[in-house]
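The values are calculated or read from the model by the stated rules, or taken from the named source; none is laboratory data. Predicted, not measured: the structure shown is a model, and the values here were computed from it. With ideal geometry, Cβ positions are generated from the backbone for all residues, glycine too; neighbour counts draw on all protein chains shown. These area figures cover heavy atoms from the full protein model, side chains too; ligands, DNA and RNA do not enter into them. Shrake-Rupley method; radii C 1.70, N 1.55, O 1.52, S 1.80 Å.
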Amino acid sequence: MSDPGVHERVGLPGGPLDLLRPADPEAVAFDPVAVGEGVEELHPPHWARLWPSGRALATALDDAGPDLLAGRSVLELGCGLGLPSLVAARAGAHPVLATDRSPVAPGWVAATARRAGLRVATAVAAFDGTGDALTGRGWDLVLAADVLYGAAAADALTAL
Ligand SMILES: C[S@@+](CC[C@H](N)C(=O)[O-])C[C@H]1O[C@@H](n2cnc3c(N)ncnc32)[C@H](O)[C@@H]1O
């Protein structure tokens with residue numbers, strides 16, 4: 001990460017969480033995303049800011065708290081900055097795996113988790129891709145916020 005980022009304090013029912021994000025999300029470079037053998041597409045860096053859906057999902061999870069999350073395994077798809085995963089880990093979920101197709105977003109989630117002392121594993125994985133990163137095991141809860149840009153994404157999620 002050449003941009004050291006800034007911490008955005010996010011107010012949540014269970015207490016604030018400091019989310020690391022790029023200082024200027026508008027200035028972040030497009031992501032080279034692998035879409036096939038040796039084929040890459042450039043995708044806009046939608047991961048670089050916290051979206052209202054991610055905040056709403058994290059708030060709902062925090063409201064539900066350990067009754068829902070303690071000891072549960074959690075997978076997040078299209079995590080961006082990973083607020084729902086971080087909240088789930090704080091409420092006792094384990095293991096928690098935050099994933100995104102962006103090759104850089106998971107690194108930011110990992111940095112936030114380290115600083116906050118939370119156990120959140122991260123991986124680069126597309127939910128419309130191949131490989132068993134997302135399907136190699138079962139999960140108690142699968143989370144996603146604001147990842148359905150079109151019918152193709154909905155079809156991919158349904159298949160997954
Ligand atoms: C609008 S952002 C939402 C980020 C975060 N969930 C939030 O609510 O703040 C959409 C995110 O989904 C990711 N994404 C989009 N399509 C994806 C796919 N097929 N597989 C994995 N991640 C995907 C993008 O890289 C981006 O981080």
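Within the stretch 84-94, identify whether any single residue is among the aliphatic types (A, V, I, L, M), at pLDDT 95 or above, more than 10 Å from the ligand (Cβ to nearest atom) and over 17 Å from the mean Cα position of the chain (by Cα), and answer yes or no. So far as the stretch 84-94 goes, no, none of its residues is among the aliphatic types (A, V, I, L, M), at pLDDT 95 or above, more than 10 Å from the ligand (Cβ to nearest atom) and over 17 Å from the mean Cα position of the chain (by Cα).
Does LEU75 qualify as being open to solvent by 10 Å² or more (accessible area, probe 1.4 Å) and either more than 11 Å from the ligand (Cβ to nearest atom) or touching a residue at least 24 places away in the same chain (Cβ under 8 Å) (or both)? Please lay out each step first, then the result.
On the way: open to solvent by 10 Å² or more (accessible area, probe 1.4 Å): no; either more than 11 Å from the ligand (Cβ to nearest atom) or touching a residue at least 24 places away in the same chain (Cβ under 8 Å) (or both): yes.
When the stated conditions are applied, LEU75 does not pass them.
Is it true that LEU57 is more than 20 Å from LEU19 (Cα to Cα) and either within 16 Å of the chain's Cα centre (by Cα) or away from the ligand (no atom under 12 Å from the Cβ) (or both)? Judged against the criteria, LEU57 is not a match.
Residues in the stretch 81-96 that are open to solvent by less than 10 Å² (accessible area, probe 1.4 Å) and in a loop (DSSP other than H, G, I, E, B): LEU81, GLY82, ALA93.
Residue pairs whose Cβ atoms lie under 8 Å apart, sitting 6 or more positions apart in sequence or on different chains, and linking a residue in the stretch 137-159 that is closer than 21 Å to TRP51 by Cα and more than 9 Å from the ligand (Cβ to nearest atom) to a partner that is at pLDDT below 95 and of a type in the set (A, V, I, L, M), are ALA154/LEU148.
For the stretch 133-160, a residue qualifies if it is open to solvent by 40 Å² or more (accessible area, probe 1.4 Å) and in a loop (DSSP other than H, G, I, E, B), and the qualifying residues are ALA133, THR135, GLY136, ARG137, GLY138, TRP139, ASP140, ASP146, LEU148, TYR149, LEU160. Among residues of the stretch 28-44 that are of a type in the set (Gly, Ala, Ser), those with a beta-carbon under 6 Å from a residue that is part of a strand (DSSP E or B) at least six positions away or on a different chain give the pairs ALA34/GLU40.
Quick one: is ALA111 within 17 Å of PRO22 (Cβ to Cβ), assigned to a helix (DSSP H, G or I), within 16 Å of the chain's Cα centre (by Cα) and more than 15 Å from the ligand (Cβ to nearest atom)?
Details: within 17 Å of PRO22 (Cβ to Cβ): yes; assigned to a helix (DSSP H, G or I): yes; within 16 Å of the chain's Cα centre (by Cα): yes; more than 15 Å from the ligand (Cβ to nearest atom): yes.
Yes, satisfied.
Filtering the stretch 1-54 to residues that are at pLDDT 95 or above and among the β-branched types (Val, Ile, Thr) leaves VAL6, VAL10.
Scanning the stretch 23-52 for residues that are open to solvent by 90 Å² or more (accessible area, probe 1.4 Å) and closer than 27 Å to HIS7 by Cβ, we see that the one that is farthest from the ligand (Cβ to nearest atom) is GLU26.
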